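The values are calculated or read from the model by the stated rules, or taken from the named source; none is laboratory data. Only a predicted model underlies this, so the values are computations on that prediction, with no experimental measurement involved. Cβ coordinates were reconstructed from backbone atoms using ideal geometry, including for glycine residues, and neighbour counts include every protein chain displayed. Heads up: the accessible areas ignore ligands, DNA and RNA and are worked out on the full protein's heavy atoms, side chains in. Shrake-Rupley method; radii C 1.70, N 1.55, O 1.52, S 1.80 Å.
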Amino acid sequence: MTYQPRSDFLQIMRERGYIADCTDYEGLDKALLAGPVTAYIGYDATAASLHVGHLLNVMMLRWFQKTGNRPITLMGGGTTKVGDPSFRSEERPLLDQAAIQANIDGMQKVFARYLDYREEGGAMMLNNAEWLDGLNYLDFLRDIGRHFSVNRMLSFESVKSRLDREQSLSFLEFNYMILQAYDFLELHRRYGCGLQMGGSDQWGNIVNGIDLTRRVDDAVIWGLTSPLLTTSDGRKMGKSQGGAVWLNGEMLSPYDFWQFWRNTTDADVGRFLKLYTELPVAECERMGALQGSEINEAKVRLANEVTTLLHGAEAAASAEATAREVFEQGGAGGDLEVALLPSDALGDGLTVVQMLVQTGITASGKEAKRLIAEGACG
């Protein structure tokens with residue numbers, strides 16, 4: 001990012017490492033300075049909870065509101081019926097209406113922890129089924145579909161990668177990017193929404209919406225994407241040995257959520273403090289540069305800050321107390337889950353590394369050795 005922004009929001013995004021790309025930095029910066037601006041991120045209801053992989057973009061919405069702008073969380077009650085094919089090797093399973101609504105209900109609990117929906121002019125939670133469910137197919141093809149070039153759509157990396165591997169892309173999925181583009185047009189018309197944000201895998205879909213709105217309404221709007229994060233050892237952010245790291249407390253306990261962050265690799269601490277907490281950037285960098293045993297206290301601070309935002313200060317304090325009791329004092333904390341091994345698995349004995357893998361605490365011996373080396377399995 002060579003352009004130096006003046007608006008509070010873009011300055012924060014740049015300093016903390018949230019930005020992968022933007023369609024027009026200077027134009028968006030001027031709009032934010034004149035503000036407030038309304039922006040949205042869309043979330044399809046494919047699961048009963050958001051997971052850690054969504055958290056970076058949720059934090060972007062939180063900062064957007066904290067800098068005086070209006071965020072929209074757009075629930076994909078309509079688009080979930082189609083399924084986003086972006087960078088997937090196969091079509092998503094189709095969900096019925098009851099399952100989609102149940103998933104939306106679960107996801108809404110998470111957003112309420114990060115955004116303020118109460119005040120007039122504050123955050124909005126919308127559902128694109130409101131305008132997608134009632135579309136007339138022929139009218140939609142004539143009025144909206146004619147603005148899309150199939151040649152251009154085939155050039156998007158999310159589609160191209162699927163076709164290059166000779167994997168089927170259904171006509172249903174191919175329509176997804178048109179529907180998402182139409183979402184941006186509708187949100188601009190109804191609520192003056194001028195910005196769509198999302199992960200960098202959504203770049204093609206976002207650009208489609210900007211282009212459609214320009215063609216149909218002759219309006220200028222913007223797109224901003226965040227990087228797709230991996231940990232320093234190459235793992236996809238948000239995945240653990242047990243699968244997704246869910247943000248709903250009913251699906252993953254606050255203690256296990258806290259422990260996920262406490263087990264962060266040393267090299268990721270500073271970066272994660274900037275992305276997932278609201279601590280000053282200088283403090284994040286200072287803690288991220290710590291070495292030896294001191295970096296472990298920085299990891300505890302990271303776990304406490306992130307857990308407090310999601311589950312509250314009391315849950316974070318309880319998780320830390322349990323961890324210290326177990327790993328420093330040899331006790332058995334009340335929040336600690338118990339992993340059982342059958343007696344015949346013991347054989348002639350197990351090493352700590354083998355035990356961590358066989359109980360599912362770690363996914364591999366390599367990960368177990370890393371946690372031991374970093375003092376997470378004291």
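Scanning segment 137-172 for residues that are at pLDDT 80 or above, open to solvent by 80 Å² or more (accessible area, probe 1.4 Å) and within 23 Å of residue 42 (Cα to Cα) returns 137, 152. Please name all residue pairs, on different chains or six or more residues apart, with Cβ atoms under 8 Å, provided the first residue is in segment 156-176 and is outside any helix (DSSP H, G or I) and the second residue is at pLDDT 70 or above. Listed by first residue and then by second, the contacts come to 156/177; 156/204; 169/159; 169/163; 175/82. Applying the condition of being within 25 Å of the chain's Cα centre (by Cα) and surrounded by fewer than 17 Cβ atoms within 10 Å (Cβ to Cβ) to segment 281-295 and asking which residue is farthest from residue 257 (Cα to Cα) yields 282. Remark: residue 179 falls outside the filter, which requires a residue to be part of a helix (DSSP H, G or I), under 17 Å from residue 75 (Cβ atoms) and in contact with a Cys (Cβ under 9 Å, 6 or more places away or on another chain). State whether the residues of segment 224-232 include one that is buried (at least 23 other Cβ atoms within 10 Å of the Cβ), hydroxyl-bearing (Ser, Thr, Tyr) and either out of contact with any helix residue (DSSP H, G or I) (no Cβ under 6 Å at 6 or more places or on another chain) or part of a helix (DSSP H, G or I) (or both). So far as segment 224-232 goes, no, none of its residues is buried (at least 23 other Cβ atoms within 10 Å of the Cβ), hydroxyl-bearing (Ser, Thr, Tyr) and either out of contact with any helix residue (DSSP H, G or I) (no Cβ under 6 Å at 6 or more places or on another chain) or part of a helix (DSSP H, G or I) (or both). Set side by side, the residues 48, 129, 98 differ, and just one is among the hydrophobic types (A, V, I, L, M, F, W, C) and open to solvent by 70 Å² or more (accessible area, probe 1.4 Å), which is 98. Listed by first and then second residue, the pairs with beta-carbon distance under 7 Å, at least 6 apart or on different chains, first residue in segment 25-43 and closer than 20 Å to residue 185 by Cα and touching a residue at least 12 places away in the same chain (Cβ under 8 Å), second open to solvent by less than 10 Å² (accessible area, probe 1.4 Å) and of a type in the set (Asp, Glu), are 42/183.
Can you find, within segment 178-208, the residue that is farthest from the chain's Cα centre (by Cα) among those that are among the aliphatic types (A, V, I, L, M) and within 21 Å of residue 227 (Cβ to Cβ)?
Restricting attention to segment 178-208, the residues satisfying the condition of being among the aliphatic types (A, V, I, L, M) are 178-179, 181, 185, 187, 195, 197, 206-207.
From what's left, within 21 Å of residue 227 (Cβ to Cβ): 195, 197, 206-207.
On the way: 195: 17, 197: 11, 206: 16, 207: 20 Å.
Ranking the qualifying residues of segment 178-208, first place goes to 207.
Against the test of being touching a Lys or Arg at 6+ places or on another chain (Cβ under 8 Å) and open to solvent by less than 30 Å² (accessible area, probe 1.4 Å), the options 122, 199, 209, 194 yield a single qualifying residue, 122. For segment 138-156, the criterion of being over 20 Å from residue 206 (Cα atoms) and in contact with a helix residue (DSSP H, G or I) (Cβ under 8 Å, 6 or more places away or on another chain) is met by no residue. The residues listed here are 264, 230; of these, the one that is of a type in the set (S, T, N, Q) and without any contact (Cβ under 8 Å) to a residue 24 or more places away in the chain is 230. Only one entry in 30, 66, 81 is open to solvent by 60 Å² or more (accessible area, probe 1.4 Å) and closer than 25 Å to residue 277 by Cβ, namely 66.
Residue check: is residue 313 under 23 Å from residue 15 (Cα atoms) and open to solvent by 50 Å² or more (accessible area, probe 1.4 Å)? When the stated conditions are applied, residue 313 does not pass them.
Only residues that are among the charged types (D, E, K, R), part of a helix (DSSP H, G or I) and farther than 21 Å from residue 321 by Cα were counted across segment 247-294, and they come to 7.
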